[in-house]
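Q: Starting off with a structure, shown below.
The values are calculated or read from the model by the stated rules, or taken from the named source; none is laboratory data. Keep in mind that this is a model prediction, so the values were computed, not measured. Methodologically, a virtual Cβ is constructed for each residue, glycine included, from the backbone with ideal geometry; neighbour enumeration extends over all protein chains shown. Just so you know, the surface numbers come from the protein's heavy atoms only, side chains and all, with ligands and any DNA or RNA stripped out. Shrake-Rupley method; radii C 1.70, N 1.55, O 1.52, S 1.80 Å.
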Amino acid sequence: MRVEALVKKRKYNVIFFAVLLILTLTSIVLTEFDAAKGITSIPRAIRWATSNFYPDIKSLEKIPRIWIKLRETIFLSIAATTMAAICAAFLALLGSKTTRVNRLLGAASRGISSIFRNIPLTAWALILLLSFGQSSLTGFFALFFFNFGFLARAFVDTIDEVSSDGVEALQAAGATYFQIIFQAVIPTCLPQMISWILFMIETNIRSATLIGILTGTGIGFIFELYYKSFQYHVASLVVIFIIISVLVIEFISNYVRRVIL
Amino acid sequence: MNLLEVTNLSKQYGHDLLALQNISFSVQNGEFVAVIGPSGAGKSTLLRCINRMIDPTDGEVVFDGVQMSKLKKNELRMQRRKIGMIFQHYNLVSRLTVIENVLHGRLGYKSTFAGIVSHYGKDEKKQAFEIIEMLGLTEQVYKRCDQLSGGQKQRVGIARALIQNPRMMLCDEPIASLDPSASKVIMDYLRNISTKLGITCLVNLHQVDVALNYADRIIGVNKGKIVYDGPPNLTPEEVYMIYGSAAGDLIFDVGGQHAS
Ligand SMILES: Nc1ncnc2c1ncn2[C@@H]1O[C@H](COP(=O)(O)OP(=O)(O)O)[C@@H](O)[C@H]1O
Ligand SMILES: [Mg+2]
């Protein structure tokens, strides 16, 4: 029986890769993407990057300006995620099967989080540009709305996965709704929720660069500024700063995760 | 007077799955009753319909003179305090300590706020420590529950139920996840609780031999119906009736026991 299962699995794998190959070929044909030209231009791109896109001594003078903008972006990401997490936690309590008040509110809550999550971040930024213009508020709300939807979903899954057993026991003992939330749901879910929040902050700093280009704020703005004025050395320095900050945040969040989980 | 009276209880899941059909029985104060039957027979559903963790489709449950189906939300909470529940998977808040989990059994007696901030009285803590000692968990009091063995976790579950000062214990397969020696310890504790403290026990069990050894009375359930209700000396034919065609090896077990 196990052999049969194995053969079956192999068959599915073959089918999966065949479908993937067909899809890839079709997309290349449909988009008129010239694969050969694409590949041959890679060396040229590398040559350009190595001769222009590296920080030189003079660009180092710009470090203080870059740092200010980077800080702005990091704080914006953290603020947006934290606020979104608080709102998402309430939405998730209504949406989770374990803690929902009733079916209708549960479905509504999951619907809301799905809408917010499925509008791409850049689309949020473009929509919000109309109301807030090019300001850091646009970036903040774009990140906030997207994180809100994403975290609400992640929290619902967390609550359903890890806390339903304890919740059932406290319900059977006659505990009230809020006693159950504080004595069973929060203690079991908090570490995993914090882990999600940290993950979101990391992601945000990456996306904040793109958002910054659109909204003219933060590290994205300063990158675009130098890039458009042909100061590639400084622009490359900005990229290095972004990479370093993402790595540092990743390091910190991994550390925190190890401690709390 | 009967502590528990179940009349014509039915539970339907979806459109066509009748998990319980016209179940009627009563349990006297202090009785130790084992509910046995193959998996999927409706044992868990039956237990949960009693404290309304599942709302029955039809029929009536009267516990301690109170009609359960008539209760409003808050009255139901008050009534549930009198019924301790034990689960197959222990259902502890595993990141909290033993003492925190045991005290959870007091939440039904507290205001929402006192419960949220874990404000327990001196006598409640004293009782918690006494129960923990009785169950042999004194060394584990401040350990997190995810560091305990299965048997220890189930004892925490029992402690949490006992501190409710319940009149009845509902135990849903309390030993199904345990090895034989831990199972024996748990069953001995449950038997003791019934004999010494006079708390009525209704225990779902998978294992016929355990049920016959410990219970005063057996209720056999098959396909949502009671097919046996009587003393714990079943004939192989009666075991076959409860377990249906899946009973082959079980009958052999029982036969062996009668011989010894
Ligand atoms: N929440 C549910 N929704 C639908 N069907 C269920 C649900 N819970 C149990 N059932 C079905 O009801 C029947 C009885 O289940 P259960 O009471 O868990 O049996 P047991 O505890 O004896 O194994 C089974 O057929 C099971 O599949
Ligand atoms: Mg069951």
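Q: Give segment B:30-54 a look and list any residue that's of a type in the set (K, R) and near ligand 2 (Cβ under 10 Å from one of its atoms), or say none.
A: Selection gives B:K43, B:R48.
Q: Here's another thing I want to ask about it. If you check B:S39 against the conditions, is it loosely packed, with under 14 Cβ neighbours inside 10 Å, under 21 Å from B:D209 (Cβ atoms) and either within 12 Å of ligand 1 (Cβ to nearest atom) or within 14 Å of another protein chain (Cβ to nearest Cβ) (or both)?
A: Values: loosely packed, with under 14 Cβ neighbours inside 10 Å: yes; under 21 Å from B:D209 (Cβ atoms): yes; either within 12 Å of ligand 1 (Cβ to nearest atom) or within 14 Å of another protein chain (Cβ to nearest Cβ) (or both): yes.
So B:S39 passes the test.
Q: Can you find, within segment A:168-180, the residue that is farthest from B:R52 (Cα to Cα) among those that are buried (at least 21 other Cβ atoms within 10 Å of the Cβ) and among the hydrophobic types (A, V, I, L, M, F, W, C)?
A: A:I180
Q: Please verify whether B:Q28 is more than 16 Å from ligand 1 (Cβ to nearest atom) and under 16 Å from the mean Cα position of the chain (by Cα), treating the condition exactly as stated.
A: Details: more than 16 Å from ligand 1 (Cβ to nearest atom): yes; under 16 Å from the mean Cα position of the chain (by Cα): yes.
So B:Q28 passes the test.
Q: What about A:S236, is it open to solvent by less than 10 Å² (accessible area, probe 1.4 Å), more than 28 Å from A:L91 (Cα to Cα) and among the polar types (S, T, N, Q)? Walk me through it before giving the result.
A: Numbers: open to solvent by less than 10 Å² (accessible area, probe 1.4 Å): yes; more than 28 Å from A:L91 (Cα to Cα): yes; among the polar types (S, T, N, Q): yes.
Yes: the conditions hold for A:S236.
Q: Being in contact with a helix residue (DSSP H, G or I) (Cβ under 6 Å, 6 or more places away or on another chain), open to solvent by less than 10 Å² (accessible area, probe 1.4 Å) and within 16 Å of ligand 2 (Cβ to nearest atom) is the filter here, so list the residues in segment B:86-108 that pass it.
A: Passing the criteria: B:I86, B:N91.
Q: Looking only at segment B:44-71, filter to residues that are free of Cβ contacts under 8 Å to residues at least 40 places away in the same chain, among the aliphatic types (A, V, I, L, M) and away from ligand 1 (no atom under 16 Å from the Cβ); which one of those is surrounded by the fewest Cβ atoms within 10 Å (Cβ to Cβ)?
A: Ranking the candidates gives B:V66 first.
Q: Go through (1) touching a Leu at 6+ places or on another chain (Cβ under 8 Å); (2) at pLDDT 95 or above one by one and return the number of the condition A:M83 breaks.
A: Going through (1) touching a Leu at 6+ places or on another chain (Cβ under 8 Å); (2) at pLDDT 95 or above one by one, A:M83 breaks only (1).
Q: So which pairs qualify, if the first residue must be in segment B:72-97 and facing another protein chain (nearest Cβ under 7 Å) and within 16 Å of A:T176 (Cα to Cα), the second must be open to solvent by 50 Å² or more (accessible area, probe 1.4 Å) and modelled with pLDDT of 95 or more, the Cβ gap must be under 7 Å, and the two must be at least 6 apart or on different chains?
A: From residues that are facing another protein chain (nearest Cβ under 7 Å) and within 16 Å of A:T176 (Cα to Cα), the pairs are B:R81/B:Y109.
Q: Follow-up question, since we're still on this one. Taking the condition in contact with a Ser or Thr (Cβ under 8 Å, 6 or more places away or on another chain), within 14 Å of chain B (Cβ to nearest Cβ) and touching a residue at least 24 places away in the same chain (Cβ under 8 Å), does A:I219 pass? Lay out the reasoning, then the answer.
A: Working: in contact with a Ser or Thr (Cβ under 8 Å, 6 or more places away or on another chain): yes; within 14 Å of chain B (Cβ to nearest Cβ): no; touching a residue at least 24 places away in the same chain (Cβ under 8 Å): yes.
For A:I219, the condition - in contact with a Ser or Thr (Cβ under 8 Å, 6 or more places away or on another chain), within 14 Å of chain B (Cβ to nearest Cβ) and touching a residue at least 24 places away in the same chain (Cβ under 8 Å) - is not met.
Q: Can I ask one more? Answer yes or no as to whether B:A211 is among the hydrophobic types (A, V, I, L, M, F, W, C), within 16 Å of ligand 1 (Cβ to nearest atom) and touching a strand residue (DSSP E or B) at 6+ places or on another chain (Cβ under 8 Å).
A: Details: among the hydrophobic types (A, V, I, L, M, F, W, C): yes; within 16 Å of ligand 1 (Cβ to nearest atom): yes; touching a strand residue (DSSP E or B) at 6+ places or on another chain (Cβ under 8 Å): yes.
Yes; evaluated as a whole, the condition is true for this residue.
Q: Run A:W196 past the list (1) farther than 21 Å from B:R48 by Cα; (2) within 14 Å of another protein chain (Cβ to nearest Cβ) and report the number of the one that doesn't hold.
A: A:W196 satisfies every listed condition except (2).
Q: Something else now. Could you list all residues from segment A:36-95 that are of a type in the set (S, T, Y) and open to solvent by 60 Å² or more (accessible area, probe 1.4 Å)? Working first, answer last.
A: Kept after step one, since they are of a type in the set (S, T, Y), are these residues of segment A:36-95: A:40-41, A:50-51, A:54, A:59, A:73, A:77, A:81-82.
Matches in segment A:36-95: A:T40, A:T50, A:S51, A:Y54, A:T82.
Q: Applying the selection to segment B:154-184, what residues are surrounded by fewer than 18 Cβ atoms within 10 Å (Cβ to Cβ), outside any loop (DSSP other than H, G, I, E, B) and of a type in the set (A, V, I, L, M, F, W, C)? Talk me through it step by step, then tell me what you get.
A: Taking segment B:154-184 as the starting set, the residues that turn out to be surrounded by fewer than 18 Cβ atoms within 10 Å (Cβ to Cβ) are B:165, B:176-177, B:179-181, B:184.
Still in the running and outside any loop (DSSP other than H, G, I, E, B): B:180-181, B:184.
Answer for segment B:154-184, where residues must be surrounded by fewer than 18 Cβ atoms within 10 Å (Cβ to Cβ), outside any loop (DSSP other than H, G, I, E, B) and of a type in the set (A, V, I, L, M, F, W, C): there is none.
Q: Among the residues of segment B:126-153, how many are free of Cβ contacts under 8 Å to residues at least 40 places away in the same chain, open to solvent by 40 Å² or more (accessible area, probe 1.4 Å) and outside any helix (DSSP H, G or I)?
A: Residues flagged as free of Cβ contacts under 8 Å to residues at least 40 places away in the same chain, open to solvent by 40 Å² or more (accessible area, probe 1.4 Å) and outside any helix (DSSP H, G or I) within segment B:126-153 amount to 2.
Q: Give me the helices (runs of 4 or more DSSP H) completely within segment B:54-125, filtered to those with at least 1 residues that are charged (D, E, K, R), modelled with pLDDT of 95 or more and closer than 16 Å to B:P166 by Cβ, ordered by residue number.
A: Counting at least 1 such residues, we get B:73-80.
Q: Also: Based on what the data block shows, is B:S111 within 14 Å of chain A (Cβ to nearest Cβ), more than 22 Å from A:D165 (Cβ to Cβ) and surrounded by fewer than 19 Cβ atoms within 10 Å (Cβ to Cβ)? Please lay out each step first, then the result.
A: Working: within 14 Å of chain A (Cβ to nearest Cβ): yes; more than 22 Å from A:D165 (Cβ to Cβ): yes; surrounded by fewer than 19 Cβ atoms within 10 Å (Cβ to Cβ): yes.
So B:S111 passes the test.
Q: Among the listed residues A:I197, A:I222, identify the single one that is aliphatic (A, V, I, L, M) and either outside the structural domain of A:G106 (by TED's automatic domain parsing) or within 20 Å of the chain's Cα centre (by Cα) (or both). Can you show your working first?
A: Details: A:I222 fails: either outside the structural domain of A:G106 (by TED's automatic domain parsing) or within 20 Å of the chain's Cα centre (by Cα) (or both).
Every option except A:I197 fails the conditions.
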